[in-house]
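The values are calculated or read from the model by the stated rules, or taken from the named source; none is laboratory data. Worth saying up front: this structure is predicted, and the values here are computed from it rather than measured. Note that we place each Cβ from the backbone using ideal geometry, even for glycine, and neighbour counts take in every protein chain shown. When the accessible area is computed, the model is the full protein with side chains, heavy atoms only, and any ligands, DNA or RNA have been set aside. Shrake-Rupley method; radii C 1.70, N 1.55, O 1.52, S 1.80 Å.
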Amino acid sequence: MGSYVTGIGAVTPLGNTVAETWSGMVEGRSGIASLASFDPGNCPVTIGGEIKNFEPTDHMPRTEVRRMDPYARYAVAAAHQALEQAGVKPGACPPERISVLVGSGYGTTKLDAEGVRVFDAKGARAVRPHLSAYASIDIVTAYLSMELGAMGESFAVSAACASGTVVVGEAHRLIERGDADIVVAIGAEDSMSGKDLALTAATRALTANYNDNPTAASRPFDRGRDGFVLSSGAGAVVLESAESVRWRGATPLAELAGYGAASDAHHITAPHPEGLGARFAMRRALAAARVEPAEIDYINAHGTSTQLNDRTETFAIQAELGERARQIPVSSTKSTTGHMIGAAGAVELIACVKALETGWAPPTINCDDPEFPEMNFVAHQAQEHRLRVVMSNSFGFGGHNAALVVKAC
């Protein structure tokens, strides 16, 4: 029994709606630029995917804007878009049957830093009391649950770069188990801060060679890739049971048919050399969806633009899909958005939904010299295909691996 996507919302470096984000992806437009919101100091990386022209008061009162971390503002904005499209309002179903989940890798990074600075400079009495709630990753679920009157399960998950996919997968499982009829699942991140840029750069996972040419920096599967580009963003989906879709008269955008997850148990930052965790996750997602590898028509790859990830992921896709891997489009939309960490998987699921809806596989830009020329990485330009069943992959530091299989309705 699958769940159904009835609403989607996004805030990304390409735009503050799904329409803007999707058009940017399909057109092959990069959202990466020189940093404008803060001074990176002596950090070797001076580019990123920042959110532009975002007005949080369009989504919440000014008092809440002042209290909330940007991560939470983006999450709420994306959720509001998804809920509006789905037509879900308070009272849409019994309150105990609505759940809200959020996933993030870094969480409330700016509020955390603010609290530490105030404590160090002025002492305990100067720390603002609202930080005890608002500086927690689950503030998003608390806020949206109160808005919706949602009394089902609400919680936050963190699985590094796979957080957005894991939170959607857990939402899907709630519906499969019969524990919810409607679940709002959000992946969100505000990694555009000096601290997060510096700590990620320190792992040597970021590219530092394209500061003067930021739009060329994210180049998944290209031989010249040398690291990913850090970005902020949020993606939200409303998932519903088949019964809820029928009862509400909702219009399903796609069926979320299968979810699989696994761990590498290998290294803190490097993927398993044989891609075992990634393979297990894909295999489990296919089995859960009751889909054969030969049925997959497109893969939105994790495709970070690092040497190890892209090579290992390609091997894993080839191992699990066999000859089918060389027959279908496999692209990385991180080439346009950069890596939104906890938001990545949710936004990339949305890209899969739009691909099914439109029949267009978005391109991998900057893929000038693909390391695996036998693969169709959709280099430079979007391709039109007959898409009925697609897969989205997410892998993360700490050995987190997750995959989703989505079907056209």
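Report the gain in length on full extension from residue 294 to residue 246: 0.36 nm times residue separation, minus Cα-Cα distance, nm rounded to one decimal.
On the way: separation 48, 0.36 × 48 = 17.28 nm, distance 3.08 nm.
This chain segment gains 14.2 nm when fully extended.
Taking every DSSP beta bridge that has both residues in the chain, what percent is antiparallel when rounded to the nearest 5? Walk me through the intermediate numbers first.
On the way: 40 of 61 bridges.
DSSP beta bridges in the chain are roughly 65 percent antiparallel.
Count the net charge of all other residues whose Cβ sits under 9 Å from the Cβ of residue 155, scoring Lys and Arg as +1 and Asp and Glu as -1. Could you put the intermediate results ahead of the total?
On the way: positive: none; negative: 138, 153, 170.
Net charge in that neighbourhood comes out at -3.
Keeping every protein chain present and rolling a 1.4 Å probe, give me the accessible area per residue for the stretch 126-267 in Å². It would help to have the intermediate numbers written out before the result.
Working: 5050 Å² over 142 residues.
The answer is 36 Å² per residue.
Provide the net charge surrounding residue 106, with neighbours chosen by a C-beta distance below 11 Å and charges set as Lys +1, Arg +1, Asp -1, Glu -1. If you can, show how the numbers build up before the last one.
Working: positive: 110, 195; negative: 69, 112, 189, 190, 196.
Charge balance in the 11 Å sphere: -3.
Hey, how much of the P(r) for the stretch 196-306 falls beyond 22 Å, as a percent of Cα pairs? Numbers along the way, then the final one.
On the way: 3392 of 6105 pairs.
Tail fraction, whole percent: 56.
Quick check: from the Cα gyration tensor, does the stretch 117-236 come out rounded (a/c under 1.5), prolate or oblate? Write out the running numbers ahead of the final one.
On the way: a/c = 3.10, a/b = 1.26, b/c = 2.47.
Taking the square roots of the gyration eigenvalues as a ≥ b ≥ c, the stretch 117-236 is oblate.
Here are some values of semi-axes √(5λ) of the Cα gyration tensor in Å: [x] 41, 24, 21; [y] 30, 27, 18; [z] 41, 29, 21. Which one was computed from this structure?
It is the value labelled [y].
What FRET efficiency, computed as 1/(1 + (r/R0)^6) with R0 = 35 Å and r the Cβ-Cβ distance, is obtained for residue 173 and residue 319, rounded to the nearest 0.05?
0.85
If you split all Cα-Cα distances of the stretch 316-376 into 10 Å bins from zero, what percentages do you get per bin, shortest first?
Result returned by the calculation: 20, 45, 35, 0.
Hey, what did the stretch 255-325 get for relative contact order, percent, Cα under 8 Å, at least 6 apart? Show your work: numbers first, answer last.
On the way: 85 pairs, mean separation 24.7, N = 71.
Relative contact order here is 35 percent.
How far is it, in nm, from the label point at residue 54 to the one at residue 125 when both lie 7 Å from their Cα along the line to the Cβ?
3.6 nm
Of the listed peptides 182-189, 375-382, 309-316, 267-274, what is their order by residue-averaged count of other C-beta atoms within 10 Å, with the highest listed first?
Details: 182-189: 32.8, 375-382: 19.5, 309-316: 24.0, 267-274: 16.1.
By packing density, highest mean first, the sequence is 182-189, 309-316, 375-382, 267-274.
Heavy atoms only, probe 1.4 Å: what % of the accessible area of the stretch 308-409 goes to carbon and sulfur, would you let me know?
Carbon and sulfur atoms account for 46 percent of the accessible area of the stretch 308-409.
Under a Cβ-only charge scheme (Lys and Arg +1, Asp and Glu -1), can you give me the dipole magnitude of the chain about the Cα centre, in debye to the nearest 20? Mind showing how you got there, number by number?
Details: 34 positive and 45 negative charges, 101 e Å.
With Lys and Arg at +1 and Asp and Glu at -1, about 480 debye.
Expressed as a whole percentage, what fraction of the accessible surface of the stretch 133-175 belongs to carbon and sulfur atoms when a 1.4 Å probe is rolled over the protein heavy atoms?
Details: 790 of 1370 Å².
Reported share for carbon and sulfur atoms: 58 percent.
Of 307, 203, 216, whose Cα points farthest to the positive end of the dipole of the chain (charges on the beta-carbon: +1 Lys, Arg; -1 Asp, Glu; origin at the Cα centre)?
Farthest towards the positive end: 203.
What percent does the relative contact order of the chain come to when contacts are Cα pairs within less than 8 Å and at least six residues apart? Kindly include the intermediate steps, with their values, before the conclusion.
Working: 1117 pairs, mean separation 97.1, N = 409.
This gives 24 percent for the chain.
Given a 1.4 Å probe, how much area per residue of the stretch 67-116 is accessible, in Å²? Intermediate values should be presented prior to the final figure.
Details: 1660 Å² over 50 residues.
I get 33 Å² per residue for this part.
Taking Rh as the Kirkwood radius, which is the inverse of the mean 1/r over Cα pairs, what is the Rg/Rh value for the stretch 295-409? Intermediate values should be presented prior to the final figure.
Numbers: Rg = 12.7 Å, Rh = 13.9 Å.
Dividing the radius of gyration by the Kirkwood radius yields 0.92.
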